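The values are calculated or read from the model by the stated rules, or taken from the named source; none is laboratory data. These numbers come from a predicted model, not from an experiment. Neighbour counts run over all protein chains shown; Cβ positions are idealised from the backbone, glycine included.
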């Protein structure tokens, strides 16, 4: 396994969240004893955490706003697992039955498409949905989920996000969310893992990433996001039924359409050209000037705007 | 708070110990799901852990030998707290009533005398005893605890350890254990914190440190050590009663006696000379050639052999 260094502050912050997830209110002195650090140090840790969590201190008690505490909810119809620290939520879901949701505060080895590292710093929503789905419906997930996320951002936070093909959610200033979809056959049935990472109240370290907090200027109660997504993902088949409409929505949100791009194709080097369309199942159509090339998301390692 | 970097493997190992402390037997697949890492990665982690813990794998189940699992014991007469990761066991004990024991697998900010960093890597015994004690008895603790540790090593593991003044336990090859004693008055009564760090099955990174495993060539079930110490510390007053005998034992074990040393005295620079004795309460007597100097452990930052 690839080694990674975590700073001790992150560890202590996760321990604080763990204690806060067990009890409604935690005394500062109690926290100091649980973690084995001085009371003044705990105060400094909590102070820092307030940049990324809806946490407040009253009369030396620490209170985590229920709406931002993902351990507090039980999405209807799902088995719901909340963890502070994991390798990745995708791997936790692998061992769970279908109709499970896994949420973690921190992923040590979060990953995106093609195993690229996904940085999961404190305050974001890192979530995996596992559920059974017919193949002919599952093929539309890469189109449906980006649309669902854009609708979520628009409806709940008045944020106009766009799709960067195949399924990054972006605003002008950078990447707001990412999606990874995996599947597995068990007893002749397809089970889907939909991993979604959303920069919510975290402070993304990457230059080209941005969080909802950065955009809206305030902290967001994350359970609104988790509840919304749990509801929509629970009836995703209904959502995909009218895939003509879905596709139209996808194309309307797709900022990649019409752009000149450089595409790194696995095993085939780089292609440059203009994006002239997307097929029904989400393949990109690029006009290189010489020919029209169809590219699936599985073969595209990276796409850059020129 | 001083920042520190922890490697992600250590974090996963501590998560494994946490799961193992909850259940007798844990399935490898279950562990993989709990931690959110691939099954092959879990196997690699467990394999590595077997260098520092009495853990074995049977039919893809992980079993932690009860005698090495400190969460399994309840020392008689003590309130006993086991934790995988803490800032320091001393700080955990600060918030607990007297007659508490705190044991941790890993200390992020373990410290020794004068706040020097104490490295608490995986597989050691890092423990704090908190109990009330009369002052006139407490003053002999710095003499009693080193003797107790040397007796423990001799009786249980046939290891001849010596004392390096004031209270490091050493063998030829390096430091085997360290002691830190703090006190606190509460309702006119003295409460003592006796912090003991023993390199047991860990692999000390410092050149001048050595573990019981290094010396004996095999892993030691750590609960033997914790139980022994809990027993002796519970009747420490009896132990100190005959302090003449105790002092004789201390002097016999004190390898510092007769040695030429360089002593760094706080606020007073360095002194060199020959160690010619130790007073009843543990002060070092050094003959500098010009004069005889009495040095208390609180004013000595460091002592080196010449």
_Output for region B:25-36, where each listed residue is touching a strand residue (DSSP E or B) at 6+ places or on another chain (Cβ under 8 Å) and either in contact (Cβ under 8 Å) with a residue 40 or more places away in the chain or at the interface with chain A (Cβ under 7 Å from one of its Cβ atoms) (or both)_ = B:35, B:36
*Among the residues of region B:91-106, is any crowded, with 22+ Cβ neighbours inside 10 Å, within 22 Å of residue B:228 (Cβ to Cβ) and without any contact (Cβ under 8 Å) to a residue 24 or more places away in the chain?*
yes
*Could you figure out which of (1) modelled with pLDDT of 95 or more; (2) out of contact with any helix residue (DSSP H, G or I) (no Cβ under 6 Å at 6 or more places or on another chain) isn't true of residue B:84?*
(2)
*asked:* Can you go through A:277, A:267, A:282 and tell me which one is in contact with a helix residue (DSSP H, G or I) (Cβ under 6 Å, 6 or more places away or on another chain) and modelled with pLDDT under 95?
replied: A:282
_For region B:110-137: of the residues being part of a loop (DSSP other than H, G, I, E, B), at pLDDT 95 or above and in contact with a strand residue (DSSP E or B) (Cβ under 8 Å, 6 or more places away or on another chain), which is surrounded by the most Cβ atoms within 10 Å (Cβ to Cβ)?_
B:124
_Given (1) touching a helix residue (DSSP H, G or I) at 6+ places or on another chain (Cβ under 7 Å); (2) under 27 Å from residue B:45 (Cα atoms), index of the condition residue A:18 fails_ = (1)
*Selection within region B:90-108 - more than 8 Å from every other protein chain (Cβ to nearest Cβ) and within 26 Å of residue B:189 (Cα to Cα)*: B:93, B:97, B:98, B:99, B:100, B:101, B:103
_Among residues of region B:37-47, those that are within 26 Å of the chain's Cα centre (by Cα) and either more than 10 Å from every other protein chain (Cβ to nearest Cβ) or modelled with pLDDT under 95 (or both), counted_ = 2
*Could you grab me the full set of residues in region A:1-14 that are free of Cβ contacts under 8 Å to residues at least 24 places away in the same chain and more than 7 Å from every other protein chain (Cβ to nearest Cβ)?*
none
*asked:* I'd like to know if region A:48-57 contains one or more residues that are within 14 Å of another protein chain (Cβ to nearest Cβ) and touching a residue at least 24 places away in the same chain (Cβ under 8 Å).
replied: yes
_Selected residue (only one of B:152, B:141 is in contact with a strand residue (DSSP E or B) (Cβ under 6 Å, 6 or more places away or on another chain), buried (at least 19 other Cβ atoms within 10 Å of the Cβ) and either more than 24 Å from residue B:3 (Cβ to Cβ) or within 14 Å of chain A (Cβ to nearest Cβ) (or both))_ = B:141
_If residue B:19 satisfies all but one of (1) surrounded by 16 or more Cβ atoms within 10 Å (Cβ to Cβ); (2) closer than 25 Å to residue B:231 by Cβ; (3) free of Cβ contacts under 8 Å to residues at least 24 places away in the same chain; (4) more than 11 Å from every other protein chain (Cβ to nearest Cβ), what's the number of the condition it fails?_
(2)
*Which condition breaks for residue B:119 when tested against (1) within 11 Å of chain A (Cβ to nearest Cβ); (2) closer than 24 Å to residue B:300 by Cβ; (3) touching a residue at least 60 places away in the same chain (Cβ under 8 Å)?*
(1)
*Go through region B:61-89 and give me each residue that's free of Cβ contacts under 8 Å to residues at least 60 places away in the same chain, closer than 26 Å to residue B:27 by Cα and within 14 Å of chain A (Cβ to nearest Cβ).*
B:81, B:83
*Within the bounds of region B:222-235, is there any residue that is assigned to a helix (DSSP H, G or I), within 19 Å of the chain's Cα centre (by Cα) and farther than 22 Å from residue B:176 by Cα?*
yes
*Within region A:253-296, which strands (runs of 3 or more DSSP E) (wholly inside it) include 2 or more residues that are surrounded by fewer than 15 Cβ atoms within 10 Å (Cβ to Cβ)?*
A:260-265, A:269-278, A:292-295
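With the requirement that a residue be free of Cβ contacts under 8 Å to residues at least 60 places away in the same chain and buried (at least 20 other Cβ atoms within 10 Å of the Cβ), what does region B:211-252 give you?
Within region B:211-252, B:212, B:215 meet the criteria.
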*Taking residue A:52, is it within 28 Å of residue B:32 (Cα to Cα) and surrounded by 19 or more Cβ atoms within 10 Å (Cβ to Cβ)?*
no
